[in-house]
Amino acid sequence: EAGVAQSPRYKIIEKRQSVAFWCNPISGHATLYWYQQILGQGPKLLIQFQNNGVVDDSQLPKDRFSAERLKGVDSTLKIQPAKLEDSAVYLCASSLTARFIQYFGAGTRLSVL
Amino acid sequence: QQQVKQSPQSLIVQKGGISIINCAYENTAFDYFPWYQQFPGKGPALLIAIRPDVSEKKEGRFTISFNKSAKQFSLHIMDSQPGDSATYFCAASNSGYALNFGKGTSLLVTP
């Protein structure tokens, strides 16, 4: 069974630039999560999707972050414009449904200079 | 606000020893308590999980102990091996919502 795929693996941008991350969840998984993991800390939820609907985006900085999950499969997370404090690893996870095990991708490491 | 508090931040254990990591939570609505293991450059991977209706769960060398009244749970790694060297995260969630992670424990098992 293929795991959660994320791209790119690494991204370096200047502050105020825009960036987008892509996630392909495990086939058949209805629930998709985006987490932000700052160095030395645990992952923090940004947004949770159930199919293509948003379940929880209470911690998403909506003035600069946006996410979508078209057709309930792939998802993209965008930051526009980026700030220095956005430097982190962005993890995508998926689960069969919301009460099942979450499987994580390897993440995208973002450095904002 | 950190909903799950984890300690210690780092841990060094000799090969064959017991590694113990502790977590505490406040939200009594949490009903799922997993532990994740993360190697450098990889995403977290589920190690073992427990629900509050049991006090202990064991899988191989890994055991979760759960104290509902104290709102604490811990991970014990028996016969620790160098390959166990990783960062361990406890987490908690409520009825299918996203995981609330602790800050992590960096474990080093020395030969």
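The values are calculated or read from the model by the stated rules, or taken from the named source; none is laboratory data. Note that the structure is predicted; figures quoted are calculated from it, not measured. So basically every Cβ, Gly included, is an ideal-geometry build from the backbone, and we count neighbours across all protein chains shown. Note: accessible area is taken over every heavy atom of the protein model, side chains too, but ligands, DNA and RNA are not part of it. Shrake-Rupley method; radii C 1.70, N 1.55, O 1.52, S 1.80 Å.
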Considering residues of the range A:3-27 that are of a type in the set (Phe, Trp, Tyr) and open to solvent by 50 Å² or more (accessible area, probe 1.4 Å) only, the residue nearest to residue A:93 (Cα to Cα): A:22
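Residue-by-condition table, conditions (1) more than 13 Å from the chain's Cα centre (by Cα); (2) among the aromatic types (Phe, Trp, Tyr); (3) away from chain B (no Cβ under 14 Å):
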{"residue": "A:57", "(1), (2), (3)": "no, no, no"}
{"residue": "A:60", "(1), (2), (3)": "no, no, no"}
{"residue": "A:65", "(1), (2), (3)": "no, yes, yes"}
{"residue": "A:70", "(1), (2), (3)": "yes, no, yes"}
{"residue": "A:80", "(1), (2), (3)": "yes, no, yes"}
{"residue": "A:85", "(1), (2), (3)": "yes, no, yes"}
{"residue": "A:91", "(1), (2), (3)": "no, no, no"}
{"residue": "A:97", "(1), (2), (3)": "yes, no, no"}
{"residue": "A:107", "(1), (2), (3)": "no, no, no"}
Cβ-Cβ under 7 Å, sequence separation 6+ or interchain: first residue in the range A:21-32 and within 12 Å of another protein chain (Cβ to nearest Cβ) and farther than 24 Å from residue A:81 by Cα, partner open to solvent by 50 Å² or more (accessible area, probe 1.4 Å) and at pLDDT below 95. Which pairs? A:30/A:50; A:30/A:51; A:30/A:96; A:30/A:97; A:31/A:50; A:31/A:97
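Each row is one residue, and each column tells you yes or no for (1) more than 17 Å from residue A:8 (Cα to Cα); (2) among the small types (Gly, Ala, Ser); (3) modelled with pLDDT under 95.
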| site | (1), (2), (3) |
| --- | --- |
| A:37 | no, no, no |
| A:40 | yes, yes, yes |
| A:53 | yes, yes, yes |
| A:56 | yes, no, yes |
| A:70 | yes, no, yes |
| A:86 | no, no, no |
| A:97 | yes, no, yes |
| A:105 | no, yes, no |
| A:110 | no, no, no |
So the check is Cβ under 7 Å with 6+ separation or different chains; which pairs have a first residue in the range B:72-85 that's farther than 30 Å from residue B:28 by Cα and a second one that's among the β-branched types (Val, Ile, Thr) and at pLDDT 95 or above? B:80/B:13; B:80/B:18; B:80/B:109; B:81/B:109; B:82/B:109; B:84/B:77; B:84/B:109; B:85/B:109
Cβ pairs under 7 Å, 6+ apart or interchain, first in the range B:86-105 and facing another protein chain (nearest Cβ under 9 Å), second among the acidic types (Asp, Glu), ordered by first then second residue, are B:95/B:31; B:97/A:56; B:98/A:56
Can you pull out every residue in the range B:23-32 that is more than 13 Å from every other protein chain (Cβ to nearest Cβ) and within 11 Å of the chain's Cα centre (by Cα)? B:24
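For the range B:22-58, which residues satisfy the criterion of being among the basic types (Lys, Arg) and either in a loop (DSSP other than H, G, I, E, B) or under 26 Å from residue A:107 (Cβ atoms) (or both)?
Matches in the range B:22-58: B:42, B:51.
Among the residues of the range A:1-26 satisfying the criterion of being of a type in the set (Gly, Ala, Ser) and modelled with pLDDT under 95, which is farthest from the chain's Cα centre (by Cα)?
A:2
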So the check is Cβ under 6 Å with 6+ separation or different chains; which pairs have a first residue in the range A:46-65 that's open to solvent by less than 40 Å² (accessible area, probe 1.4 Å) and a second one that's hydroxyl-bearing (Ser, Thr, Tyr) and not in a loop (DSSP other than H, G, I, E, B)? A:48/A:33
I'd like to check something: does the range B:12-22 contain any residue that is within 14 Å of chain A (Cβ to nearest Cβ), open to solvent by less than 70 Å² (accessible area, probe 1.4 Å), in contact (Cβ under 8 Å) with a residue 24 or more places away in the chain and on the phi < 0 side of the Ramachandran plot? yes
